[in-house]
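The values are calculated or read from the model by the stated rules, or taken from the named source; none is laboratory data. Nothing here was measured: the structure is a model prediction, and the numbers come from that model. Don't worry about glycine lacking a Cβ; one is built from the backbone with ideal geometry, like all the others, and counts go over all protein chains shown. Just the protein is used for accessible areas: all its heavy atoms, side chains included, with ligands, DNA and RNA removed. Shrake-Rupley method; radii C 1.70, N 1.55, O 1.52, S 1.80 Å.
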Amino acid sequence: MFSFNMFEPHVGRGFQNRFSAQYRCYSVSMLPGPNDRSDVDKGGKIIMPPSALDQLSRLNITYPMLFKLTNKNSDRMTHCGVLEFVADEGICYLPHWMMQNLLLEEGGLVQVESVNLMVATYSKFQPQSPDFLDITNPKAVLENALRNFACLTTGDVIAINYNEKVYELRVMETKPDKAVSIIECDMNVDFDAPLGYKEPERHMQHPEEPAEEETDPSNYDVDFGFRAFTGSGNRLDGKKKGIEPSPAPLDPSDIKRGIPNYEFKVGKITFIRNAKHQPRRFDIDDMATNFIAFSGEGQSLRKKGRKP
């Protein structure tokens, strides 16, 4: 009786479920075809050849498929997911921001290995530009952008698109590990101060009470321009009787300067009246002696005549 794997090379048990391959990587803009695949640049997933799918299907790997990308020349590494298996053999296509993190050029070699990552519980990001503060709800924008990502790696600088503008954010911290999976997870997000951001300086103002100076009322600015209802009237019959002349303009001496309220407090409204209204006082004893109920005289509309 023969075994089906008798002609296969002997591989240790620890490496039976591991995928490892080396590809030449290119940016998504180099992907052939009439369709625009700019959506790949908006996420954290790559495009691999069909042979990779054939090898992965033969291995007993866990889903979702997550991979570790390593540039051995620069000793840089990151993690990603896979979007499609439509690339040419020996080639894989990466988002532009991912190639920058790995310090890869067009046609460079990258090592792709399958990995298992823990589910994320916390992540902290630092915007690379103060322009990120112009976004009204940054957490909602980031949550929507991370739907196109499969995992996060501490130290990476990811790129998200919002309102036709690209914002870069550095992954400062991830928990429970330096590389985590963000697929179907409940993750708390925090932001660090943007790179190059300076808090505005606050100047403490100490208002000084101006000294009171006696001023001449003639120096007050009085508006002698338009005044409503100051013209003269005309009668239809042409007579001048009953027509009052227009009022005389105000003199500066008639303007009285108000008295400032030195007890003013912020948030308190005070209504100042010129004359105090004194309520009318009634003497209860006088009302009791003078007032008699139903003491008036009645009148009848029809008078009845007396019979003789």
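Odds and ends about this structure:
- Conditions (1) of a type in the set (S, T, N, Q); (2) surrounded by fewer than 16 Cβ atoms within 10 Å (Cβ to Cβ); (3) touching a Lys or Arg at 6+ places or on another chain (Cβ under 9 Å); number of the one not met by ASN163: (3)
- Residue within the range 33-45 that is in contact with a helix residue (DSSP H, G or I) (Cβ under 8 Å, 6 or more places away or on another chain) and of a type in the set (Asp, Glu) present: yes
- Any hit, the range 121-132, residues being over 19 Å from THR154 (Cα atoms), within 34 Å of the chain's Cα centre (by Cα) and open to solvent by 20 Å² or more (accessible area, probe 1.4 Å): yes
- Residues of the range 54-79 satisfying the condition of being in a helix (DSSP H, G or I) and either of a type in the set (Ser, Thr, Tyr) or open to solvent by 80 Å² or more (accessible area, probe 1.4 Å) (or both): GLN55, SER57, ARG58
- Scan the range 151-207 for residues that are free of Cβ contacts under 8 Å to residues at least 24 places away in the same chain, under 25 Å from MET77 (Cβ atoms) and basic (Lys, Arg) and the total you get is 0.
- Residue list for the range 161-191, filter: part of a loop (DSSP other than H, G, I, E, B) and touching a Phe, Trp or Tyr at 6+ places or on another chain (Cβ under 7 Å): ILE182, MET187
- Odd one out for GLY14 among (1) at pLDDT below 80; (2) in a loop (DSSP other than H, G, I, E, B): (2)
- Among (1) more than 19 Å from ALA150 (Cα to Cα); (2) in contact with a Pro (Cβ under 6 Å, 6 or more places away or on another chain); (3) not charged (D, E, K, R) - the single one ILE91 does not satisfy: (2)
- Search result, residues across the range 68-97 that are aliphatic (A, V, I, L, M) and touching a Ser or Thr at 6+ places or on another chain (Cβ under 6 Å): LEU69, MET77
- Among the residues of the range 19-38, those identified as part of a helix (DSSP H, G or I) and open to solvent by 80 Å² or more (accessible area, probe 1.4 Å) are SER29, MET30.
- Of all residues in the range 39-53, those satisfying the criterion of being touching a residue at least 60 places away in the same chain (Cβ under 8 Å) and assigned to a helix (DSSP H, G or I) are ASP39, ASP41, LYS42, ALA52.
- Filter result (under 38 Å from the mean Cα position of the chain (by Cα) and not polar (S, T, N, Q)) within the range 107-117: VAL115, LEU117
- Residue match in the range 141-152 (condition: assigned to a loop (DSSP other than H, G, I, E, B), open to solvent by 50 Å² or more (accessible area, probe 1.4 Å) and closer than 20 Å to LYS178 by Cα): no
- Residue match in the range 107-127 (condition: hydrophobic (A, V, I, L, M, F, W, C), within 13 Å of ALA21 (Cβ to Cβ) and assigned to a loop (DSSP other than H, G, I, E, B)): no
- Consider the range 83-106 and keep the residues that are part of a strand (DSSP E or B) and either open to solvent by less than 30 Å² (accessible area, probe 1.4 Å) or among the basic types (Lys, Arg) (or both). The one that is farthest from ASP39 (Cα to Cα) is CYS92.
- Scanning the range 107-116 for residues that are surrounded by fewer than 15 Cβ atoms within 10 Å (Cβ to Cβ) and hydrophobic (A, V, I, L, M, F, W, C) gives a single hit, LEU109.
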